[in-house]
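Taking it in order: structure first as structure tokens, then the write-up.
Just so it is clear, none of the values below were taken in a lab; they were calculated from the coordinates. Remember, predicted model here, so these are calculated numbers, not experimental data. Ideal geometry is used to build each Cβ from the backbone, glycine not excepted, and the neighbour counts take in all protein chains shown.
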Amino acid sequence: MSIETIHGNLKGLKSSQLKQLQRLYHQRQPRDRATTPEFAQRVAAISTDINQPVSAYINRRGQVIRVGVGSPRETQIPPLELPRYGAKRLSGIRCVTTALKSDPPKKPSLTAMVLQRLDVLVTLTLTGQGFQRRGGGATGYVESAYLAHLAPESDPNREQGLYWTVSPPLSLDVVTQQDFLDLVEGLEAEFEREYVAQQVDISHQRVVVVGLMTADLDHQQFADGLAEVTRLVDTAGGEVLQTITQRRSRPHPQTVIGAGKVQEIAIAVQTLGASLVAFDQDLTPAQARNLEQEIGVRVIDRTELILDIFAQRARSRAGKLQVELAQLEYLLPRLVGRGEAMSRLGGGIGTRGPGETKLETERRRIQKRVSRLQQEVNQLQSHRSRMRQQRQKQEVPTIAVVGYTNAGKSTLLNNLTHAEIYAEDQLFATLDPTTRRLNVPCQGEMKTILLTDTVGFIKELPPALIDAFRATLEEVSEADAMLHVVDLSHSAWESQIESVSKILEAMPIMPPESLLVFNKIDQVDSETLSYAKEHFPEAVYISAEKRLGLETLREKMGEMIINA
């Protein structure tokens with residue numbers, strides 16, 4: 001692309017008019033002034049001649065870097081081409097634009113200023129044509145000018161929900177004589193103070209979470225799903241700055257959400273200094289690309305968020321293999337159009353694990369890597385199968401512990417077997433399966449069993465993960481019995497039972513014996529506990545952390561393995 005490219009609507013323009021626009025690129029501006037009277041009049045004259053707004057973008061060195069026919073909204077610099085300074089800096093670019101009417105700048109133009117984090121927006125209103133002074137000499141084409149800039153948090157306009165401050169109509173002389181650098185440096189100092197005050201932990205990635213409520217969801221389902229994504233972001237090491245929601249009958253095919261909401265998210269990203277946007281549902285590769293182009297930062301979906309957490313949690317060679325396989329299978333159809341992001345390894349949520357690579361040179365390599373990983377996972381499956389056969393020869397019954405993520409499975413195993421499995425109030429705190437011996441009472445004597453902790457399940461577990469972790473999940477299908485642990489303190493515990501049951505039903509073999517274990521009874525009210533006992537009378541009610549009901553659970557496990 002030529003450095004003198006004219007952007008925007010060029011239909012109907014003469015070659016002489018295009019040359020006039022291109023000459024604007026050669027007009028150097030002073031660093032300490034927003035513009036000069038000569039440049040402003042020239043822009044206004046061209047705008048009057050073509051009867052359309054003209055917008056010129058100037059960097060802090062005084063170079064004109066972009067010229068467009070149209071308003072700042074119609075000619076704005078794409079977000080991905082802008083410097084990424086975040087909320088503590090402005091972009092270092094100012095815009096001088098014209099308005100055919102004598103009105104203040106419109107909301108779309110001011111929104112474009114916010115999205116681009118422009119230093120200032122100078123809007124020139126036109127006289128309609130140049131005219132002569134009484135004593136002779138042209139006054140020019142500019143009637144008045146408005147100076148707009150971003151409003152810091154302390155600005156009274158922010159209380160009214162406005163992100164900008166607009167001056168009253170000023171003369172061109174006042175605007176061109178104002179110390180531009182002094183204004184910009186004062187604004188950036190204020191933004192820097194606000195940014196530092198907002199930061200809780202600079203090691204956390206700053207995230208905006210987006211939720212879409214479609215017609216097939218009720219309010220509770222939507223709220224639970226959104227809360228789960230927020231927990232996933234927290235588990236992945238992110239800090240949720242804001243949650244933005246929209247209600248639509250169905251997702252928009254190109255951007256999931258409406259155009260106005262995309263713009264709202266883009267403004268939130270700029271004003272909050274967010275570095276990532278996380279959606280509460282899966283995005284198609286095209287939707288993710290479109291959103292990134294409009295918003296200007298990385299956009300990830302629920303699946304990519306889960307994959308990132310798994311990449312952090314995997315400790316064993318088997319777990320790492322399976323995570324990398326799942327990530328590569330997810331990444332392969334999303335390589336097209338990833339732009340500069342494909343040329344480097346990333347950092348932060350959604351970029352851990354195998355990383356991203358250039359499309360032309362890496363697609364075949366990724367496919368080969370996927371095939372190789374698939375073979376290694378198959379070998380892992382065979383190895384685990386042999387291990388299970390050895391345990392079966394020794395006639396040691398096995399009980400698999402399953403349940404929704406963060407239900408308390410690892411805590412239960414730790415307190416029953418005195419194991420030291422990592423257990424935290426996080427989603428997917430443990431990833432690799434762990435097996436421990438446990439003595440349980442059975443027909444008047446103590447019998448040794450093997451208790452296996454498995455990876456936590458989650459609603460709509462990504463298919464790539466189900467496939468990649470089939471070797472892990474086979475620990476469930478090959479077990480003699482199963483404990484289904486449920487977090488009774490969670491508001492959506494019933495739907496979590498349903499989600500786990502759906503995943504288990506999809507497995508080829510199910511253990512003959514299954515027992516529901518309601519955990520965290522110390523954190524629920526008597527009404528919830530009574531409701532659960534009424535609807536699930538055969539279940540066991542415990543608090544793994546407080547060690548309540550564990551002896552009853554051991555007795556139940558002994559009964560389950562009598563016929564194993």
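Work out from phi, with θ = phi - 60° and the Karplus expression 6.51 cos²θ - 1.76 cosθ + 1.60, the ³J(HN,Hα) of each residue of the range 283-300, listed in order in whole Hz, and give x for Gly and Pro.
Once θ is set to phi - 60°, the couplings for the range 283-300 become 10, 6, x, 5, 4, 4, 5, 4, 5, 5, 5, 7, 8, x, 10, 5, 10, 10 Hz.
Subtract the Cα-Cα distance of Ser530 and Met507 from 0.36 nm times their separation in residues, and report this length gain in nm to one decimal.
Residue separation times 0.36 nm, minus the Cα-Cα distance, leaves 5.1 nm.
Among rounded, prolate and oblate, which fits the range 6-198 when a ≥ b ≥ c are the square roots of the eigenvalues of its C-alpha gyration tensor, a/c under 1.5 means rounded, and a/b larger than b/c means prolate? Don't jump to the answer; show the numbers that get you there.
Details: a/c = 1.86, a/b = 1.53, b/c = 1.22.
In terms of gyration-tensor shape, prolate.
Say the cut-off is 26 Å between C-alpha atoms; which of Lys368/Lys502; Lys19/Lys88; Lys320/Lys556; Lys14/Lys101 go over it? Let's see the in-between values first.
On the way: Lys368/Lys502 32 Å; Lys19/Lys88 38 Å; Lys320/Lys556 35 Å; Lys14/Lys101 23 Å.
Going by Cα-Cα distance, Lys368/Lys502; Lys19/Lys88; Lys320/Lys556 fall outside the 26 Å limit.
List every residue whose amide H lies under 5 Å from the amide H of Thr98, counting only residues 5 or more places away in sequence or on a different chain, with H placed 1.01 Å from N in the peptide plane.
Val54, Leu124
How much net charge surrounds Ser71 when only other residues with a Cβ under 13 Å from its Cβ are counted (Lys, Arg +1; Asp, Glu -1)? Each step should come with its number before you reach the end.
Working: positive: Arg73, Lys101, Lys106, Lys107; negative: Glu74, Asp103.
So the environment of Ser71 carries a net charge of +2.
Amide H to amide H under 5 Å from Glu545: which residues, 5+ apart in sequence or cross-chain, H placed 1.01 Å off N in plane?
Lys520
If Lys and Arg each add +1 and Asp and Glu each add -1, what is the summed charge of the other residues whose beta carbon sits under 13 Å from the beta carbon of Thr123?
Combined, the nearby Lys, Arg, Asp and Glu give +3.
Can you find, among Pro53, Pro168, Ala151, the residue farthest towards the positive end of the dipole of the range 34-173? Put +1 on the C-beta of Lys and Arg, -1 on that of Asp and Glu.
Of Pro53, Pro168, Ala151, it is Ala151.
Go through the range 238-247 residue by residue and turn each phi into a ³J(HN,Hα) via Karplus (6.51, -1.76, 1.60, θ = phi - 60°); whole Hz please, and just put x for glycine and proline.
3J(HN,Hα) across the range 238-247, in whole Hz: x, 10, 6, 8, 7, 10, 10, 10, 8, 10.
Mind giving me the nanometre distance, one decimal, between the label points for Leu332 and Glu376, set 7 Å out from Cα along Cα→Cβ?
1.6
In whole Hz, what ³J(HN,Hα) sequence does the range 519-534 give by Karplus (6.51, -1.76, 1.60; θ = phi - 60°), x for Gly and Pro?
Karplus-based 3J(HN,Hα) across the range 519-534 equals 9, 6, 5, 6, 10, 10, 7, 5, 5, 5, 5, 5, 4, 5, 5, 5 Hz.
Would you calculate the separation in nanometres between label points at Gln523 and Ser477, each defined as 7 Å from the Cα along the Cα-to-beta-carbon direction?
Each label point lies 7 Å from its Cα, and together they span 3.2 nm.
For a quick check: with amide H placed at 1.01 Å from N, whose amide H comes under 5 Å from Leu516's, ignoring anything fewer than 5 positions away on the same chain?
Residues meeting the criterion, in which the H sits 1.01 Å from N, are His484, Val540.
Take the alpha carbon gyration tensor of the range 205-300, find the square roots of its eigenvalues, order them as a ≥ b ≥ c, and report rounded if a/c is under 1.5; if not, report prolate when a/b exceeds b/c, else oblate. Intermediate values should be presented prior to the final figure.
On the way: a/c = 1.64, a/b = 1.10, b/c = 1.50.
The shape class here is oblate.
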